[in-house]
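Peer 1: Here it is, the structure in full.
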Amino acid sequence: MRTPLLRFSARLPLHRLLGALGAALLAAALLAGGSTPAHAADPAAVSAAAPDGDSVASPPGANDWSCRPTAAHPDPVVLVHGTFANRYENWLVLSPLLKSLGYCVFALDYGTVPGVTSSGSGLILPIGGLGPAADSAAQLARFVDLVRTATGAAKVDLVGHSQGGMLPNYYVKFLGGAGKVGKVIGLAPSNHGTTLDGIANLAPYLPGVADLVYTACPACRDQVVGSAFNQKLASVPDAVPGIQYTVIMTAFDEVVTPYRTQALSGSNVTNVVIQDRCPIDLAEHVLIAFDPTALHYVTNALDPAHAGTVYCG
């Protein structure tokens, strides 16, 4: 019997009224909230203690560099946050859950933009996931190597949200990660780009606004349907042989749209829409990373031999 997930309500009744812009504002509010500091008190001490040297606080349960994988869970889990996010806020629920189940859990921060925000001098909290997606994938590659070296593990499993669910695909396809990854699990991943509920299609008509956004957030441009990055990602088949993929989607996603474009193709892929199991689950793009039903799909995907029945709520 699998350890129960943390029980709480992850519902957003006004999800359809928010729209893509509202969702972005909601994400910013959620990721800027909370009273727990997201900066380490002494970045130099963090750098000395952790191989990644990041000054952003780790979520509970993550980045214990002395952790050694067990026979039950031989592959460490690396958590990859989304756009406008950081490792601390994005994984407040999943990280301690996985740690309680016996995994070695690691989480990186990536994609900061100098002059906009950084892991050392964010205006409110460190906000990442903004830099060019290819550069962020390279950061992921370096972090995976740190984890493998520290733990002695041959492979890791990758769990990502939004952009963080898509970056592993680029890493395993183009940056030599195929032999270093066992499983890729995406929560609302931008695997094939997004139209942002159609707003991205207005960019040619609003060049000044679009240029301003894309200057501050190159990853936003990269994730739009038809971008050069998106075309490169689509230039090879979705799934790399030897890796087990799971894509977990919500029908109420207002950020990566249309939501079914998140799905991957391949015999080694499992695509899940949480409303197929739980029609009244109203978690949208941001809250899917905290939704008990979605996270139970994650734990089942990580350990399919001991998968439990997924309950709603």
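The values are calculated or read from the model by the stated rules, or taken from the named source; none is laboratory data. For clarity, every value in this text was computed on a predicted model and none was experimentally measured. Counting neighbours? That spans all protein chains shown, and the Cβs are built from the backbone with ideal geometry, glycine included. SASA here: full protein model, heavy atoms, side chains in, ligands and nucleic acids out. Shrake-Rupley method; radii C 1.70, N 1.55, O 1.52, S 1.80 Å.
Peer 1: Filter segment 280-307 down to residues that are in a loop (DSSP other than H, G, I, E, B) and open to solvent by 30 Å² or more (accessible area, probe 1.4 Å) and give me whichever is nearest to residue 78 (Cα to Cα).
Peer 2: Taking segment 280-307 and keeping what is in a loop (DSSP other than H, G, I, E, B), we get 280-286, 291, 303, 307.
After this cut, where a residue has to be open to solvent by 30 Å² or more (accessible area, probe 1.4 Å) as well, the list is 280, 282, 307.
Numbers: 280: 30, 282: 27, 307: 20 Å.
Out of the qualifying residues, it is 307.
Peer 1: Taking the residues in segment 268-279 that are part of a loop (DSSP other than H, G, I, E, B) and touching a residue at least 24 places away in the same chain (Cβ under 8 Å) as candidates, determine which candidate is farthest from the chain's Cα centre (by Cα).
Peer 2: Taking segment 268-279 as the starting set, the residues that turn out to be part of a loop (DSSP other than H, G, I, E, B) are 268, 278-279.
Still in the running and touching a residue at least 24 places away in the same chain (Cβ under 8 Å): 268, 278.
Numbers: 268: 20, 278: 22 Å.
So the residue we want is 278.
Peer 1: So residue 219 clears everything in (1) outside any helix (DSSP H, G or I); (2) in contact with a Ser or Thr (Cβ under 6 Å, 6 or more places away or on another chain); (3) hydrophobic (A, V, I, L, M, F, W, C) except one condition, right? Which one?
Peer 2: (1)
Peer 1: With the requirement that a residue be of a type in the set (Gly, Ala, Ser), surrounded by fewer than 24 Cβ atoms within 10 Å (Cβ to Cβ) and out of contact with any strand residue (DSSP E or B) (no Cβ under 9 Å at 6 or more places or on another chain), what does segment 155-197 give you?
Peer 2: Within segment 155-197, the first condition is being of a type in the set (Gly, Ala, Ser), and the residues that meet it are 160, 162, 164-165, 176-179, 182, 186, 188, 190, 193.
This time we only want the ones that are surrounded by fewer than 24 Cβ atoms within 10 Å (Cβ to Cβ), so: 176, 178-179, 182, 193.
If the condition is that a residue be of a type in the set (Gly, Ala, Ser), surrounded by fewer than 24 Cβ atoms within 10 Å (Cβ to Cβ) and out of contact with any strand residue (DSSP E or B) (no Cβ under 9 Å at 6 or more places or on another chain), then 176, 178, 179 are the ones that fit.
Peer 1: Return the pair list, or none, for Cβ contacts closer than 9 Å from residues in segment 232-252 that are on the phi > 0 side of the Ramachandran plot and loosely packed, with under 14 Cβ neighbours inside 10 Å to residues that are assigned to a strand (DSSP E or B) and basic (Lys, Arg), at least 6 apart or on different chains.
Peer 2: If the second residue must be assigned to a strand (DSSP E or B) and basic (Lys, Arg), no pairs are left.
Peer 1: Sticking with this one: Residue check, residue 260 against (1) under 28 Å from residue 178 (Cα atoms); (2) part of a loop (DSSP other than H, G, I, E, B), all met but one. Which one?
Peer 2: Of the numbered conditions (1) under 28 Å from residue 178 (Cα atoms); (2) part of a loop (DSSP other than H, G, I, E, B), the odd one out for residue 260 is (2).
Peer 1: Ok, one more. Could you please find all residues in segment 53-103 being in a loop (DSSP other than H, G, I, E, B), among the polar types (S, T, N, Q) and out of contact with any His (no Cβ under 9 Å at 6 or more places or on another chain)?
Peer 2: First, the residues of segment 53-103 that are in a loop (DSSP other than H, G, I, E, B): 53-55, 57-61, 63-76, 81-84, 86, 91-93, 101-103.
So of that shortlist, the ones also among the polar types (S, T, N, Q) come out as 55, 58, 63, 66, 70, 83, 86.
Answer for segment 53-103, where residues must be in a loop (DSSP other than H, G, I, E, B), among the polar types (S, T, N, Q) and out of contact with any His (no Cβ under 9 Å at 6 or more places or on another chain): 58, 63, 66, 70, 83, 86.
Peer 1: Is it fair to say residue 98 is open to solvent by less than 40 Å² (accessible area, probe 1.4 Å) and either closer than 26 Å to residue 190 by Cα or at pLDDT 95 or above (or both)? Full working, then the answer.
Peer 2: On the way: open to solvent by less than 40 Å² (accessible area, probe 1.4 Å): yes; either closer than 26 Å to residue 190 by Cα or at pLDDT 95 or above (or both): yes.
It is true that residue 98 is open to solvent by less than 40 Å² (accessible area, probe 1.4 Å) and either closer than 26 Å to residue 190 by Cα or at pLDDT 95 or above (or both).
Peer 1: Of all residues in segment 112-147, how many are at pLDDT 70 or above and either polar (S, T, N, Q) or open to solvent by less than 50 Å² (accessible area, probe 1.4 Å) (or both)?
Peer 2: 19
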